[in-house]
Amino acid sequence: MNSVATIVSFGFFLVIFLGVGAVAALFSQDTESDYLLGDRAFGRVAVGLSAGATSNSAWIMIAGVGAAYSLGISALLMPIAFFGGDFLFWQFFSDKINKMSVEGNLKTIPELLSSSISKKRGKEIVRFVVALIMLVFVGTYICAQFSAAAKTLNVFFGMNESLGIFLAAGAILLYCTTGGLRASIWTDIIQAFVVIFVAFGMFIVALNAGGGVGEIWNDLQQIDPELINLSAGFTPWKLLLYIVGFFCLGFGFDISQPHFLVRLLASRNPNEAKHAKWIYLGYVYSTWIAMLLFGVMARVLIPTLDDPEQALPFYAMQNFNPVLVGIILAGVFSLIASTADSQILVCSSTLARDIFPKFYQKMSRRYGVKYEQLMTLVVGILAAIATNNLTATVFSITLFGVGATSGSIGPAMLIVLIQRRTNYQALSAMMLAGMITSIVWRLSGYANFLSEALPSFIIALLVHEILMRSAFKARSAKP
């Protein structure tokens, strides 16, 4: 599709996003605190919507729709189980993260995790380990967003996927490089409303086109009875493991994803951070479930697709006028941009500050915020180049990135938040153990019925406790 109306419609929203980012840049104070955290000036509405927008990602309109198209109603088990973990985190930990950040003047997640270590050398080691994990696995997550953008532009405009990757990266970098987190959060809020309009609009249109719930249900049964089987054909034990796995992934996501956590660091105070909970949950789960149900209905409406992850753009092109197609494209891009910009910013701050702190101090004194901006640009370009060489699906890349960070950074964050006694050896070792377990678990194929977040979380905690007990015994044995 090369409709001028579609291009103009999409371009209109793109200009709005870039304009909001530009205005945010004008409000920036050209300080490190403003670039990284927006001077901690955000209330519950901004924190909730921004955290929701950055959490949703291309997952719900690309990967989620594709999964529901392939699996049927059993895809709803994911948000159902995920919700429990999400709620647990927001109820007990969201305010604590903001409080720790404010009291310690901590601006990045590696700084937050290393804050429980007293020795300077130990702090540096923990920061380095966290930073390394973030760069690899949050970087992987960025690649999933760019891949989703390329797929979408390919379907809508027949654009070469390599070109689509670099165009999406360029558009996002235009505003997040100059405006920092303030630009990211302001554009997140606008993008969230676009996503709400598209998600519910697509759901209602597809429901009417399919003839209502009863007719769609019968059609699904005729295509494949498993599509209307909520248990997905699992045995009771496998079903339990599947639900527990996604429950842990929900909790693990919240307690480990730096692009999500930085919203809590940027909150005005702990009370605002905690009360952002219902705004976040309402936005995330209403749009996610609407998109999953659209994916299920798309199996009836467009039953033959080579790539289920392209179901939404294909359906839009076949059934809507060019102006609406442009709005839908803007909705998909909103999800991609609201996640990718946040991930690029946390990775760039990690690359700039936490990998080589002494070099950062030297460059910061000389160039100020411009050094942070340069690192943002570098991360975005490197992620685009990496995406161009990946062949996996958005679904698998996203789950791998989330699972690995959940199983490594997640348990370490839990230890720090509950103020469990620790040291730099135990904290570093548990993160590396969780990361390795996540990788082995996924490569072994076990992640198909139990997310790697659970076993890697457990292994990481066990490693920490074993090392801490050993250290205690060693100290006790000394005369």
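Laboratory data are not the source of any read-out in this text; all were calculated from the coordinates shown. It should be emphasised that the depicted structure is a prediction, and the values quoted were computed from it without experimental measurement. Note that each Cβ is placed from the backbone with ideal geometry, even for glycine, and that neighbours are counted across all protein chains shown.
Excluding the site residues themselves, the longest part of the chain lacking any trypsin sites (Lys or Arg not before Pro) in a DSSP loop with at most 16 other Cβ atoms within 10 Å is 120-419. Each of Lys358 and Leu443 was given a label point 7 Å from its Cα along the Cα-to-Cβ line. The distance between the two points is 3.4 nm.
Secondary-structure-derived ellipticity at 222 nm for the chain, considering helices only, amounts to -26000 deg cm²/dmol, per-run term -39500 (n - 2.57) for DSSP H runs with n ≥ 4.
Each residue in Asp30, Asp306, Asp354 was given a count of other beta-carbon atoms within 10 angstrom of its own, and listing them fewest first yields Asp306, Asp30, Asp354. When the listed pairs Lys96/Lys120; Lys123/Lys370; Lys96/Lys238; Lys107/Lys151; Lys99/Lys238 are checked against a 30 Å cut-off, the alpha-carbon distance exceeds it for Lys96/Lys238; Lys107/Lys151; Lys99/Lys238.
Note: relative contact order over the chain, using C-alpha pairs below 8 Å and six or more positions apart, is 33 percent. Within the same chain, aspartates and glutamates fewer than 8 places from Lys274 are excluded, and of the rest, those with a Cα less than 17 Å from its Cα are Asp86, Asp95, Glu103, Asp254.
Ile228 sits among other residues whose Cβ lies under 11 Å from its own Cβ, and their net charge, with Lys and Arg +1 and Asp and Glu -1, is -2. Within the shell defined by Cβ-Cβ distances under 15 Å, the residues around Ala384 carry a net charge of -1, with Lys and Arg each +1 and Asp and Glu each -1.
Please identify the chymotrypsin sites (Phe, Trp or Tyr not before Pro) of the range 1-35 that satisfy two criteria: DSSP loop assignment and at most 13 other Cβ atoms within 10 Å. Which are they? Filter output for the range 1-35: empty list. Using the Cα gyration tensor of the range 4-394, with a ≥ b ≥ c the square roots of its eigenvalues, what is the shape: rounded (a/c below 1.5), prolate (a/b larger than b/c) or oblate (neither)? Note, shape of the range 4-394 comes out prolate. Annotation: for a label point projected 7 angstrom from Cα along Cα→Cβ of Asn269, residues of the range 84-103 with backbone N closer than 15 Å are 95-96, 98-100, 102-103.
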